[in-house]
């Protein structure tokens, strides 16, 4: 370990170039810079750029110049914009950074992978998604240690693209993306894009759909309803305060998986409706099953780590851990197993 | 004000007898006792009773003896049990406390009023509902200042039962129920039972239905889904951790109003489903309307009072305030106006 910059052999081997300095990109820039790791970035909004510069960060609002600099320094290009900007960013990367590795933090992975394949960039791309959003956005929402203990999905679909497996450079890139996520204290969970998109439809996008719906039905009740609304309504509608454009970008680009989750929800609600309409109204089935599911989630997800009353200085993860040796004979089988278990990984050999 | 016991002329004029010492009854006993106001109670569970006694509270697990004592001391009887126990408690009150005033804290008001009317007790009953639940229950969940800033609905349906209006005793009882809620720092919002039940269906019971549903759909996604679940899923399913029997007691006894709210939700979700199934999937309508509704709720409900980062020593209520003079010529019109606005009240003359 370098005692000056705190970089160890477990850290990423190249600089990081953040394309987009919102909540996720901005928070990454803060953490990496604080660790002494070389990191710089681009932000579209001049006001955000100026604010970041005033805090001493190495940022620019010139996309082409930033991407060219990334190529010169062999940086890891991190696309940290909302989905609608990804295609145009990939075009700039293709033109101005012909060799850099690329990752992203977009919350839906299939559509990004499609764009990457269309652009012919799949051999130097590894997808990512840190589960660390809030209802705020922009540079002003960014903060240090946003990713501490959070899940960071890293995809590995390209490993199946040819029978002999991926090349050494892609494996090194994949390992560097994992290293970077771990540097900022995230827990890396490997997953292929379809499994990821199906999971986030259930636990991120459906919550948004239900929160918007509940907010409207509460509002329909007028002043008395809103005045009586207490913590159950407040917490259940919290994510409806997210900017509608961000909600749309997530849900609309993952509509296929979201429809599967939404149809399951509709079937449960129709069933509840039928039982509540009977002569002796009953919620037994929904209440019992919902309760059991929530308790399972609390037990399974390391939920207690989130508790404000925890006194443990280094919280213990609720996720199982698997050791991965990238490129070794059985590493893909281990990744599939981790995906299946929702396990975090340790990279055992570099 | 009495400087020894902190009781003022604005405080309730009689002792309070709590029938049930769970989260609500237990928290009331703590607050009233801390204020030096005479309060005693009954708890069905001997372990809860013993725990309360060991903390020095005046409690018993003999219901009949407790109700007889209330009659002797002319106490306000506060029914603080879940709905399924209310009918048997009313029968004991009818037999052993022929003159005490009665109130309750049950979360659905029409069915309680029906039982009270059936028992012939309506002339000495005023309904109440503090909006201060959590997902925990029982004496061990009770705590001081649970009601601070919370809405406490006080009903007034009996005022319309005869053309000449309610008698002086009922008006005094009504005023005492309001005083008691204000003593524990709640904000009193008058409402008739139907308006109350319709409102809580939207902002309390529907959130439970959606939380149970979301918990199940997340769980259906298996280990990867639960591992990736972050704050949106955690907050949106929080109330699914409520004991299923409590959820059922609320939702099943308010099924009529809940079905209205549920049907509104189903219509919005079916609409969203249709738009997400189009060639260009869209969530525009739901996301825009849900966002506007949530922002309206935040502005309207005094939401900022709940913020952990507030530095104000005496938080300012977001609710409008109306002054009420109980029994005066236009007081019912003022109560109706407060119900319509979701306004809190000050009782101006005693």
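Since every read-out is calculated from the coordinates, none of them should be taken as a lab result. What you see is a predicted model, and the numbers here were worked out from it, not measured in a lab. A quick note on method: Cβ atoms are made from the backbone with ideal geometry, for glycine too, and the neighbour counts reach across all protein chains shown.
Annotations
- Against chain B, whose longest principal axis is taken from its Cα atoms, helix B:63-73 shows a tilt of about 50°.
- When B:174, A:331, A:170 are sorted by how many other C-beta atoms sit within 10 angstrom of their C-beta, beginning with the fewest, the order is A:331, A:170, B:174.
- Other copies of residue B:277: label-to-label distances in nm, shortest first, labels 7 Å along the beta-carbon direction: 1.9
- For chain A, modelled as a GNM whose springs connect Cα atoms under 10 angstrom apart, the maximal fluctuation among A:210, A:335, A:173 occurs at A:210.
- With the label put 7 angstrom out from Cα along the Cα-to-Cβ vector, residue B:148 ends up 2.7 nm from the copy partners, going from closest to farthest.
- Relative contact order of the stretch A:27-179, taken over Cα pairs closer than 8 Å and 6 or more residues apart, is 19 percent.
- Cα-based helix-to-principal-axis angle, B:284-300 vs chain B, degrees rounded to 10: 30 degrees
- Placing a label point 7 Å from Cα along the Cα-to-Cβ axis, residue B:98 is separated from the same position in the other copies by 10.3 nm, shortest listed first.
- For chain B, built as a Gaussian network whose Cα springs stay under 10 Å, the top-fluctuating residue of B:55, B:164, B:118: B:164
- Between residue B:325 and residue B:47, the modelled label-to-label distance comes to 5.4 nm, taking each label 7 Å out from Cα in the direction of the beta carbon.
- Label zone (residue A:72, point 7 Å along Cα-to-C-beta; backbone nitrogen cut-off 15 Å) within the stretch A:153-191: none.
- For the stretch B:1-156, the convex hull drawn through the C-alpha positions has a volume of 114 cubic angstrom per residue.
- Counting Cβ atoms of other protein chains within 10 Å of each Cβ in B:339-348 and taking the mean gives 2.
- Mean ellipticity per residue at 222 nm, deg cm²/dmol - from DSSP H runs of n ≥ 4 across chain A, formula -39500 (n - 2.57): -14500 deg cm²/dmol
- Counting only alpha carbon atoms, the long axis of helix B:206-220 and the longest principal axis of chain B meet at about 50°.
- Which of A:191, B:142, B:45 has the fewest Cβ neighbours within 10 Å, and the rest in rising order: B:45, B:142, A:191
- Peptide A:245-257 is shielded by partner chain Cβ atoms: per residue, an average of 4 of them sit within 10 Å of its Cβ.
- Among B:264, B:285, B:336, the residue with the largest mean-square fluctuation in a Gaussian network model of chain B, with springs joining Cα atoms closer than 10 Å, is B:285.
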